[in-house]
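Scroll down for the structure; my scribbles are underneath it.
Derivation of every value follows stated rules applied to the coordinates shown; laboratory data play no part. Nothing here was measured: the structure is a model prediction, and the numbers come from that model. Heads up, the Cβs are rebuilt from the backbone with ideal geometry, glycines too, and the neighbour counts pull from every protein chain shown.
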Amino acid sequence: MADVTLDVCGEVCPLPVMKTDEALSKMKSGQTLEVIVDYPPSKENVKRLVTHKGHEVLNITDGGKVVKLLVRKA
């Protein structure tokens with residue numbers, strides 16, 4: 001179970017990326033964030049942001065319409 005869940009379904013880029021970055025900035029190192037997206041480009045854009053900032057993508061669950069990314073803050 002993630003420490004924080006961010007549901008950005010219904011949002012299109014760049015909002016999911018911006019909200020993910022904001023959520024991570026408020027978290028402590030080692031905490032996990034679950035990001036839920038339904039806009040296909042957001043999956044790759046959020047993943048790119050996370051790795052660029054030095055965080056770790058632990059898991060990606062692609063349920064078809066909804067994708068969940070589990071991220072550990074560096």
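Hey, what did segment 4-72 get for relative contact order, percent, Cα under 8 Å, at least 6 apart?
36
Taking the Cα centre as origin and putting +1 on Lys and Arg beta-carbons and -1 on Asp and Glu beta-carbons, what dipole magnitude results for the chain, to the nearest 20 debye?
200
Using Cα atoms only, what is the angle between the long axis of helix 15-25 and the major principal axis of the chain, expressed in degrees (0 to 90) to the nearest 10?
It is inclined by approximately 10 degrees.
What Kirkwood hydrodynamic radius do you get for the chain when you take the inverse of the mean 1/r over all pairs of distinct Cα atoms, in Å?
11.8
Using the Kirkwood formula on the Cα atoms of segment 1-40, what hydrodynamic radius do you get, in angstrom to one decimal?
10.4
Compute the long axis of helix 40-52 from its Cα atoms, compare it with the longest principal axis of the Cα atoms of the chain, and write down the angle in degrees, 0 to 90, nearest 10.
Approximately 20 degrees, to the nearest 10.
In deg cm²/dmol, rounded to 500, what helix-only [θ] at 222 nm does the chain give when every DSSP H run of at least 4 residues adds -39500 (n - 2.57) and the total is split over its residues?
Rounded to the nearest 500, the figure is -10000 deg cm²/dmol.
Summing Lys, Arg as +1 and Asp, Glu as -1, what charge do residues with Cβ under 13 Å from the Cβ of residue 54 carry, residue 54 excluded?
+2
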